[in-house]
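The values are calculated or read from the model by the stated rules, or taken from the named source; none is laboratory data. This one's a predicted model, so the numbers in the text were calculated from it and none came from an experiment. Here the Cβ is made from the backbone with ideal geometry for all residues, glycine too, and neighbour counts use every protein chain on show. Side chains included, ligands, DNA and RNA excluded: accessible areas come from the protein's heavy atoms. Shrake-Rupley method; radii C 1.70, N 1.55, O 1.52, S 1.80 Å.
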Amino acid sequence: YAWIGAGQCGGRLVKSFYDLGYKKAIAVNTTHHDLDLLDIPKSQKFNMNIGEKGAGKDMERGKDAVQHYKQDILHMAQQTFGRQVDHIMVCFGAGGGTGSGSAVGLVEIAKRYARYIGLNSPNKNVGVIMTLPTVGEASSPLVAENAYKAAWELSQMATAGKISPLIFVDKEKITKMYPGITVKQF
């Protein structure tokens with residue numbers, strides 16, 4: 001497995017898989033602040049520099065960033081992942097601008113990489129892990145709208161057989177099942 005994490009949450013997810021031994025992991029973000037906090041090799045972090053503020057919950061800025069840097073991200077995937085990969089997973093937290101905005105673009109980059117290394121069915125070799133915002137996070141209308149848009153678009157892709165699997169992580173349910181534990185600890 002290879003992992004691409006987008007945004008703050010996606011970076012944390014990738015870091016978790018990296019810590020479990022999956023070293024084929026990269027994190028992309030529109031701000032260096034979140035990347036600096038990730039304890040993975042610097043060569044596996046990519047700043048899609050679009051200005052000091054990053055995407056700031058603006059999905060269009062996240063989408064534009066991944067389109068602008070798609071060749072750089074593909075090159076980083078080739079350098080980091082090598083050719084011995086069977087499945088690529090894109091990870092992000094729904095609601096933010098970087099993750100929600102760049103997820104579909106990162107899926108397309110992952111599919112290009114899969115074709116490049118000779119995988120015959122990129123639609124079956126690229127999947128997504130998406131976290132849903134907590135009730136508190138979703139109280140922001142913009143976060144809720146971003147999460148809805150990302151979930152709808154990726155659900156359409158999964159239904160059409162263009163990604164496999166699509167995994168939703170319900171952060172609100174985690175807070176109810178494990179009171180007092182932070183999502184990061186979980």
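Worth pointing out:
- Verdict on GLY118 being among the small types (Gly, Ala, Ser), out of contact with any strand residue (DSSP E or B) (no Cβ under 7 Å at 6 or more places or on another chain), open to solvent by less than 20 Å² (accessible area, probe 1.4 Å) and at pLDDT 95 or above: no
- In the range 112-136, the residues that are within 12 Å of LEU166 (Cβ to Cβ) form no Cβ pair under 6 Å with any partner that is aromatic (Phe, Trp, Tyr) and part of a helix (DSSP H, G or I), whether six or more places apart or across chains.
- Which listed residue, of GLY93, GLY105, is crowded, with 17+ Cβ neighbours inside 10 Å and part of a strand (DSSP E or B): GLY93
- The one condition in (1) of a type in the set (A, V, I, L, M); (2) within 20 Å of GLY7 (Cα to Cα); (3) in contact with a Leu (Cβ under 9 Å, 6 or more places away or on another chain) that ILE167 fails to fulfil: (3)
- Residue that is nearest to GLY56 (Cα to Cα), among those in the range 137-156 that are among the hydrophobic types (A, V, I, L, M, F, W, C), touching a residue at least 60 places away in the same chain (Cβ under 8 Å) and open to solvent by less than 20 Å² (accessible area, probe 1.4 Å): VAL143
- Helices (runs of 4 or more DSSP H) (entirely within the range 1-88) containing at least 1 residues that are modelled with pLDDT of 95 or more and among the aromatic types (Phe, Trp, Tyr): 7-19, 70-81
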